[in-house]
Amino acid sequence: MICKNCGADAQNNKYCPRCGALVYGDTQQPTGDGSHTKALVFGILGLAFCETGILGLIFSIIGLSKANNYIRNFGNVSNQVRIGKRLSIAGIIVSIVMIVLIVTLVSLLIYFAANHPDDLKRFFNEFEREYKYTYRI
């Protein structure tokens, strides 16, 4: 987009980088690269995969980055961007909680296995007996 005030190339920004004038208003929307939709999609993916921990965190961070880039370049003009940003933040929070829970559970399992090997062996033997009895193997 070309700034009507100074003639500089605004590169799809809401404001001109040279003079700071508003390049487009309510009547002219940016031609964008679809990043408003990308922010929403990654926000949904982040929240959908947050129970996996790291995968949800990655998707949520990407969604938040896309939303922030869109807001920085075009202003907060899209509901999809607002929703995508909120979903991404929720995905980040839930993913971090899940990562902490997973690390805690794995740590407890390692501690239990190291300090109580006989109990662990007995548990797996009972589990195997129950499984064989239930499924007649």
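The values are calculated or read from the model by the stated rules, or taken from the named source; none is laboratory data. None of the values given here were measured: they were computed from a predicted structure.
In this structure, is Ile89 over 25 Å from Pro17 (Cα atoms) and part of a helix (DSSP H, G or I)? Quick ask: steps written out before the conclusion?
Working: over 25 Å from Pro17 (Cα atoms): yes; part of a helix (DSSP H, G or I): yes.
Here the answer is yes, as Ile89 does meet what is asked.
Within the range 25-48, take every residue that is over 8 Å from the mean Cα position of the chain (by Cα) and at pLDDT 75 or above and give me the one that is farthest from Ile92 (Cα to Cα). Spell out the reasoning first.
So in the range 25-48, the residues over 8 Å from the mean Cα position of the chain (by Cα) come out as 25-41, 48.
If we keep only those that are at pLDDT 75 or above as well, we get 37-41, 48.
Details: Thr37: 19, Lys38: 17, Ala39: 14, Leu40: 14, Val41: 15, Ala48: 11 Å.
Looking at residues that are over 8 Å from the mean Cα position of the chain (by Cα) and at pLDDT 75 or above, I get Thr37.
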